[in-house]
Amino acid sequence: MPRSRLKVTVALATAAASLSLAVAPAHSAPSDPVDPAVWTELAKTLEGTAKYQYAPFAVTDGYKPAFCSASPTLGGMGHHYINEKLYGSLDPAKPAALLYEDRVNEDWMDEASDTSWLDDMDALDGSAPTVSAAPESRRLVAVEWIVVDKDQDLTTDDDRPSLFGVPFNGPMLGHEPGMPIHYDLHAWVWKKNPNGMFARWNPTVTCPAA
C-alpha cells in the first residue's frame with residue numbers, strides 16, 4: 001500500500017470516529033432530524049463509507065462511475081458511483097450509490113483529519129486501483145439508497161420504503177438507460193447541505209460543464 005493510500009485509510013478511520021460523535025451539530029439545518037437515534041444510525045453510514053473518500057476504493061468494491069446530476073436552479077447531486085448489487089439495501093452502512101464532487105487544486109482531506117504525522121513515512125509496496133485520470137480530485141459528499149419499484153408503475157407508491165424515519169423520494173424514472181423505476185433517499189453525511197441532511201439537491205454542488 002503506497003503512502004498516499006495509507007494516509008487516506010488512517011485519516012478516514014479517524015474522521016469517521018470523530019464525525020460519528022459530532023455529526024448532528026456539523027450538519028444542523030432546519031430540516032435535519034432531531035431524534036438522537038437517527039444520528040446514531042447515521043454514524044453507521046459514516047463508518048461504512050469512510051474509506052470511499054478515496055474513489056478507487058469504491059470502484060474496487062463494485063461501485064461503477066455513472067452520471068453526474070445537476071439542476072440549473074436547485075443545485076447538484078454530483079457524480080454517481082452505483083453498485084447495482086445494493087439496490088434494495090436499507091442498511092445504513094451499505095448505500096447503493098456514492099456521490100462525489102470535483103475538487104481541483106485542493107487537498108480534499110483537509111476537512112477530514114490532520115494526517116501530517118504520516119507525511120514522513122516511506123511508501124510501501126503495492127499500487128492503488130485507478131478510476132480516472134485524477135480520482136483524488138473527487139471528494140465523497142453524500143450517499144444514496146436506491147430501491148427498485150416493485151410494479152414499475154409511476155402512478156402507484158404502496159411499496160414506498162423509508163430509512164431513518166424518512167420516506168424515500170419517488171417512484172421516478174431511471175436516470176440512465178437500463179436503470180429501473182425506483183425510489184431513492186440521499187444523506188449528505190460528508191458535506192453540509194444548507195437544505196438539510198436528506199434533501200435531494202445541494203446548492204453548493206455542481207457538475208462539470210458539458
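The values are calculated or read from the model by the stated rules, or taken from the named source; none is laboratory data. Nothing here was measured: the structure is a model prediction, and the numbers come from that model. In this analysis, Cβ positions are derived from the backbone assuming ideal geometry, glycine residues included, and neighbour counts consider all displayed protein chains. Areas reflect the complete protein model, heavy atoms only, side chains present, ligands, DNA and RNA absent. Shrake-Rupley method; radii C 1.70, N 1.55, O 1.52, S 1.80 Å.
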* Structure fact -> The residue that is most open to solvent (accessible area, probe 1.4 Å), considering only those in the stretch 177-210 that are among the hydroxyl-bearing types (S, T, Y) and either part of a loop (DSSP other than H, G, I, E, B) or out of contact with any Pro (no Cβ under 9 Å at 6 or more places or on another chain) (or both), is T206
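Considering only the stretch 62-88, state which residues are open to solvent by 60 Å² or more (accessible area, probe 1.4 Å) and outside any helix (DSSP H, G or I). Even if it seems obvious, please write down each step before you answer.
The first filter runs over the stretch 62-88 and keeps only residues open to solvent by 60 Å² or more (accessible area, probe 1.4 Å), leaving 64-65, 72-74, 84-85.
Scanning the stretch 62-88 gives K64, P65, P72, T73, L74.
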* Does E111 meet the test of being acidic (D, E) and at pLDDT below 50? -> yes
* To do: Can you work out which of the residues in the stretch 50-61 that are in contact (Cβ under 8 Å) with a residue 60 or more places away in the chain and in a helix (DSSP H, G or I) is most open to solvent (accessible area, probe 1.4 Å)?
  => T60
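Touching a helix residue (DSSP H, G or I) at 6+ places or on another chain (Cβ under 7 Å), modelled with pLDDT of 95 or more and charged (D, E, K, R), is that true of K64? If you could, list the steps in order and put the result at the bottom.
Values: touching a helix residue (DSSP H, G or I) at 6+ places or on another chain (Cβ under 7 Å): no; modelled with pLDDT of 95 or more: yes; charged (D, E, K, R): yes.
When the stated conditions are applied, K64 does not pass them.
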